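The structure appears right after this line, and notes come after that.
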2 protein chains.
Amino acid sequence: MKIARALVVLLGVSPFAAGLFADEGMWMPQQIPEMAAKLKALGFKGDAKAFADLTGQPMGAVVSLGGCTASFVSPDGLIVTNHHCVTGGLQFNSTPKRNLLKDGYLAKVRDEELPNGPGSRVFVTTSVTEVTAAITGNIDAKATDRQRYDLIDRRIKERVALCEKGGQRCNVASFFDGLKYFEIAQMEIKDVRLVYAPAEGIGVFGGETDNWRWPRHTGDWSFLRAYVGKDGKPAVFSKDNVPFKPKHWLKIAKEGIKPGDLVFVAGYPGRTQRHQTYSQVKETTEWGMPRSIRLAQEQLAILDQLTKQDKALALKVAGRLQGLNNGLTNQKGMLEGLVKGGSLAKKQAQEKELEAWIAADPVRQKKYGDVLPALRALQAESDKTREQNATMATVTGSSSYFGAALTLYRLSLQRPKADIDRDAGFQERDWPRIRDGQDRLQRTIDATVDKALLRWALAPAAALPAGQRILALDQAAGLRPGMSKAETDQAIDAFLQGLFEGSKLGDRDFRLSLIEKSTADLLATKDPFLLLAAAMEPALEANREASKNRSGAYARLTPRYMEALLAKAGGLVAPDANSTLRVTYGQVKGVDAKDGLYYKPQTTLAGIVQKHTGEGDFDAPQVQLDAIKAFQSGKKTPYIDAALKDVPVNFLSTVDTTGGNSGSPTLNAKGELVGLLFDGTYESVASNYLFEPVTTRSIHVDTRYMLWNMAEVDGAINLLREMLGSEADISARSLAPQAGAAAGAGR
Amino acid sequence: MKIARALVVLLGVSPFAAGLFADEGMWMPQQIPEMAAKLKALGFKGDAKAFADLTGQPMGAVVSLGGCTASFVSPDGLIVTNHHCVTGGLQFNSTPKRNLLKDGYLAKVRDEELPNGPGSRVFVTTSVTEVTAAITGNIDAKATDRQRYDLIDRRIKERVALCEKGGQRCNVASFFDGLKYFEIAQMEIKDVRLVYAPAEGIGVFGGETDNWRWPRHTGDWSFLRAYVGKDGKPAVFSKDNVPFKPKHWLKIAKEGIKPGDLVFVAGYPGRTQRHQTYSQVKETTEWGMPRSIRLAQEQLAILDQLTKQDKALALKVAGRLQGLNNGLTNQKGMLEGLVKGGSLAKKQAQEKELEAWIAADPVRQKKYGDVLPALRALQAESDKTREQNATMATVTGSSSYFGAALTLYRLSLQRPKADIDRDAGFQERDWPRIRDGQDRLQRTIDATVDKALLRWALAPAAALPAGQRILALDQAAGLRPGMSKAETDQAIDAFLQGLFEGSKLGDRDFRLSLIEKSTADLLATKDPFLLLAAAMEPALEANREASKNRSGAYARLTPRYMEALLAKAGGLVAPDANSTLRVTYGQVKGVDAKDGLYYKPQTTLAGIVQKHTGEGDFDAPQVQLDAIKAFQSGKKTPYIDAALKDVPVNFLSTVDTTGGNSGSPTLNAKGELVGLLFDGTYESVASNYLFEPVTTRSIHVDTRYMLWNMAEVDGAINLLREMLGSEADISARSLAPQAGAAAGAGR
């Protein structure tokens, strides 16, 4: 990946010839203009400054769905994103008779567009303002870590409250681990509707087998539409709402990409850890990841067992299974990259270099000399309680019943406070989200699954050594150290039976009825999960307190660590991903993935036929297979690639992305839509910790495959017209009678 | 694969511009000189006529192990072949304390060379003589099919008997499905010793996971030595025997191969079906292969279940498991190629063309017009009893106890006859092989496994419809049509209990004691499996009779079918593989294996480290990992490839090979050894039915990897000296102290 070598200075960091972080970058939009010369050399036709204008073209068209990225592709608020970003909406709108996840969905007219489910949101970023001084300025050097934490926490809440007075959604995000803070304002669109998704056999073609893999043939797109009130302002769902009119939307490129082409991806990458200290990464590598892998495998085994004979249950936990599998593969890939790929060793070497660099200069030594030892000590300190804390988190996280009880109970404790004093996540601004969550929970909650997973989570808690017991849990469940396995099992069985027999938290209406109840009223329900939540609350609160103290210490130390790191690195450096809007660029490019194996940069329709088996993960719909056959027999399409002599399906590029980027628009040198980012290769996942330019590749679906499917398979001619205008007629002319008919009949 | 386009005429077939079988060929050695011009253009330096001289260089160095190929590599009878061709010998020489399969073996001096186990043979082909006229000449056109079969059978036996009078091993093989016959004489060396095999973590690196796959990193070599009596003639094992002195042995190439290089493979490919009729291939595709796949899967499930908790048993059935897995993958690949890859459809199109070509000319119509309809009718006729016959074959083939009983019982029936009247396989010349087989059986026979597999095989026999019952089996097992599942299970249980409780056939000495017993004596043992064999014999004999009649019909028809096929194809055509010596040539070349995926032509040491997990199929020995580390840290070796900057491990080529070719020497344009053929890619296996030049690739181990391992990992400097002479000192100098020490200590 020969892009994005650091050239200039940003954020007050002095220039430096070659940095730690060269050849990578999920850049903040305002950093892009600094790279104008580099971009031009790579073939960029536009004005690099445009990227810094979040309300202009193309950035104004890029939106967040909260966890996924999407973009406007028509003046009527039509939005394109990944198929796997609308799984929830498809499930929400499915009935036993109409499985939208399996069969796909196409609204042929606006009236057929369906509510995308509770909590579905579109966030349009409208401004990003640096507020570092307001958040971390003027803190007394003698302040305790806890005072520092509380001050920063309050300042952030105050800024957010002020910012949100205008009706927009705001947050203050830390960049470079607390070195910088930016306030981000977003318009929050609350009426989001499902417009079109292909059948599972297209949208999830390859399934878990191909997930994180190449070659890939996934049609990972879907369409939503943003609706607002008649006044043009965000409003909850109403039949009277009208399509949102974005100022900017992306144009579909007429010409597709080819190997070597410059591409941009704009989106909301979630989280990377490239600037973590070696001791943090080491702890994750040696303890955290092996533990998560083990937990995921154990949960998968339980869920597999439970759902083997029960199709209805399988459907309910499909999302959880997918998440566990996805995470498992991801964690395995990271661990492989860190250990075998040598990223951990490189990280250690880099940190040694940093320490040598600090030690080499008395001024630097004075300024930064204490930081790394202090961070190491902090890490070592928190390692002491990690087993207990992680075990507690597994218990509270394993059960949806218990999770609901904990949320509702804590909400009842927080509500009486002044809003500024409420914990983040429990302020008034968070209440609708909490309600939506309790509503949405009904799709997946199941007592049998819940009981099995809670039982699984309790076993390690029961086995904790004497000094590290979770006492409230011991008391509630009748556990004590040194019990025999039989005694433990008996106690847990009895405990679980009492919990599930007496609880009504599996009922949506009951949960929603509790949202505004007082603590006393909650306790009066005598629901055993609520009583357990109350019993556990002091221990959980103590953990939160400890965590706040630790956060205060990090807030004191990490900005100086980052300052040293950036000063040593020099040049332009991208901050770690933090779910804020970023831009990355690279080239369409294959990769020598493994010894003896080359991943070509593009796949084609021919590969779908090669992979299709008619079952499991490789079950392309007959209407698509027929359309491919018609194409192979000479039927014309404007979406053929001249060099490939086939319709391109997916492609690889060197852009730097991570989870959260799903659904991000891929733009060509003219800023036009050429694809959707939807995955990375297995060999790339460790780049979250250390970017390896030689092996890292992102995976995109080619817009031409999407358009070909819309024309030839799904008959989505209404959407083609909306996006392409008169050009859509070219697609329309290529519409096969059988394809149109099948689409009409099937949906 | 742009090699071997048909240019000239062989076997009386007239020339033709472009043939059916262009770009492929497991050529008979005598066909090679006809390709001299083509070979020269591809870079061949030698005299193509040399290949036709089976007692010259290099062909005189190529030998058969019966099922595998090998070659002499020193004047002292040192032989190199694949590791997977000596699995039996390694198992035979292992003890509970010394697992040679796992740890490998190296005889540092001749005295340490171990007998390779009963039945281990080296066959050196000394002459190939066409005998078509003697076998099929002068057969009365009015002869019945059975008369035709008997005549050909007797003529073959007579020729073989005459040929073997000189003490050599002979057989008469059919080429082009009975159109031609050749008599092949071979020296049979009976004292074969195990010299060197690397550890399993090298020789079987990748295991079942990588089997038939690329990229590959398997060190699939091992060394044997041929011993003869002091008079230089073949003799059974004796301490006084001396190493065999071959007239010719292969020289190790100084320079390794590179992409694009011409390579030859000489060996004994087992069986291909490229000249079968469409109806035969269709039957195999639609019935035979799906059935074998199902049977293999069912047996694997049973064996997996049985061996899950029993390591000793797992070791015993390792070979069977490997065979089943290997066959399963192979059959799946073939089926995929035939159905999805379109080979069956192409086969049909080719046959239609052939019929049109016959119909287009009255002379041809008269000569061949009846052949294809007649062959189709024969196929349809045998389809009627296929279910019964296949079920019977599964029953007789599932149990080693039953198999031994059937062999011994039939031998007792055949022995009293004149040798010429005995069935093929039961003549005097076959007796030592039968004895060795009963001896060798002891390594794998197990009552638990046997019982489970026989139970599995009996279920379908119990379920056959009324008209197709195996009556002798029904009577013996107390089965009848229409029994309930419970009744059937009960009957089979009782039957199995009686069989296994009363049988001593699990005992080696008992089996060997029966070899020369009369039928009456066998029955007098009252061994229940022998009694069952006697009860089943009439049904089995009836099947053999039917098969002889069918063979007579094929002997009448297929030569004319082949004649038509060859006449239409024109040019030089290679006959289907039939376990006789062949030569194939091609280029070192990667392949676009799948949409979006390119298999590079070579792999390297780096890939071993990439794949190594320390468990299961990817467990490279530490001494090898250390040697790779030393190499990567700058340690010199003469076996580095300048372009790859690494030691090459495996490579792909376009040569045309199949099962039986395993261990075949791969030669460069100068006829020097550059590798060993050991596998084909998954995408290639359907080429047994229809050769697909675009996707077919063979897999070789690079000689340089073997030599590097011998020098750096296994310390096999004695063998390097024997093969390389003074050049071995270059390897010797590169020997690492730790590698030498570890090899010495470990072995």
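Can you compute the radius of gyration and Dmax for region B:263-363, using only the Cα atoms, both in Å?
Computed over the Cα atoms of region B:263-363, radius of gyration and Dmax are 19.4, 69 Å.
Region A:110-138 to region B:652-727: how many Å between their Cα centroids?
61 Å
Note the distances from B:S547 to each other copy's matching label point, with points 7 Å along the Cα-to-beta-carbon direction, in nm, sorted shortest first.
Shortest to longest, the spacings are 7.3 nm.
Go ahead and estimate [θ] at 222 nm for chain A from helices alone: -39,500 (n - 2.57) per DSSP H run with n ≥ 4, summed, over the residue count, rounded to 500.
Values: 29 runs with 326 residues, N = 747.
Taken over chain A, the calculation gives -13500 deg cm²/dmol.
Considering Cα pairs under 8 angstrom that are at least six residues apart, work out the relative contact order of chain A and quote it in whole percent.
Over chain A, the number comes to 24 percent.
Determine which chain B residue has its Cβ at minimum distance from the rotation axis mapping B onto A, giving the value in whole Å.
Looking at chain B's Cβ atoms against the axis toward A, the nearest is B:Y598, 2.
Using the structure shown, list the pairs from A:K38/A:K254; B:K142/B:K548; A:K233/A:K670 with a Cα-Cα distance above 29 Å, or answer none.
In this structure, A:K233/A:K670 lie more than 29 Å apart at Cα.
Could you tally the net charge around B:L496, taking each other residue with its Cβ under 13 Å from the Cβ of B:L496, Lys/Arg +1 and Asp/Glu -1?
-2
Peptide A:596-607: average number of partner chain Cβ atoms within 10 Å per residue?
5
Copy-to-copy spacing for B:D53, label 7 Å out on the Cα-to-C-beta vector, in nm, shortest first?
Listed shortest first, these distances are 8.4 nm.
Cross-chain or 8 or more residues apart, Cα under 22 Å: how many lysine pairs in region B:273-384 fit that? Count them up, please.
13
Can you list, shortest first in nanometers, how far A:G342 lies from the same residue in the other copies, with each label 7 Å from Cα toward Cβ?
Once sorted, the set of distances for A:G342 reads 4.5 nm.
Roughly to the nearest percent, how much of the accessible area of region A:273-384 is carbon and sulfur, given a 1.4 Å probe?
Working: 3150 of 5740 Å².
Result for region A:273-384: 55 percent of the exposed heavy-atom area is carbon or sulfur.
How big is region B:524-625 in terms of Cα radius of gyration and Dmax, in angstroms?
Calculated on Cα positions, Rg and Dmax stand at 26.4, 67 Å.
So if each residue of separation counts as 0.36 nm, and I subtract the Cα-Cα distance between B:L523 and B:F510, what length gain in nm does that give?
Fully extending the segment from B:L523 to B:F510 adds 3.3 nm.
Per the Cauchy relation, a quarter of the hull surface: what is the mean projected area of the convex hull of the alpha carbons in region B:78-195, in nm²? The partial results should precede the final answer.
Numbers: hull surface 41.9 nm².
For region B:78-195, the mean projected area of the Cα convex hull comes to 10.5 nm².
What is the mean number of Cβ atoms from other protein chains located within 10 Å of the Cβ atom of each residue in peptide B:610-616, rounded to a whole number?
So the per-residue partner count for this stretch is 2.
At q = 0.06, 0.08, 0.11 Å⁻¹, work out log10 I(q)/I(0) for chain A with the Debye formula, treating every Cα as an identical point scatterer and leaving solvent out; two decimals please.
The calculated log intensity ratios at q = 0.06, 0.08, 0.11 Å⁻¹ are -0.38, -0.69, -1.36.
I need the fraction of alpha carbon pairs in region B:418-569 separated by more than 25 Å, rounded to a whole percent.
The share of Cα pairs beyond 25 Å in region B:418-569 comes to 48 percent.
Rg to Rh ratio, the protein assembly as shown, alpha-carbon atoms and Kirkwood radius?
Rg/Rh for the protein assembly as shown comes to 1.00.
Would you check region B:388-543 for Lys pairs whose C-alpha atoms are within less than 16 Å, ignoring same-chain pairs closer than 8 in sequence, and give me the count?
5
Excluding B:P115 itself, calculate the net charge of residues whose Cβ lies under 9 Å from the Cβ of B:P115, where each Lys or Arg counts +1 and each Asp or Glu counts -1.
Numbers: positive: B:R193; negative: B:E113, B:D191.
Net charge in that neighbourhood comes out at -1.
The values are calculated or read from the model by the stated rules, or taken from the named source; none is laboratory data. Everything numeric here is computed off the predicted structure, so don't read it as measured data. Quick reminder, even Gly has a Cβ in these numbers, built from the backbone with ideal geometry, and neighbours come from all protein chains shown. Surface areas here come from the heavy atoms of the whole protein model, side chains and all, with no ligands, DNA or RNA. Shrake-Rupley method; radii C 1.70, N 1.55, O 1.52, S 1.80 Å.
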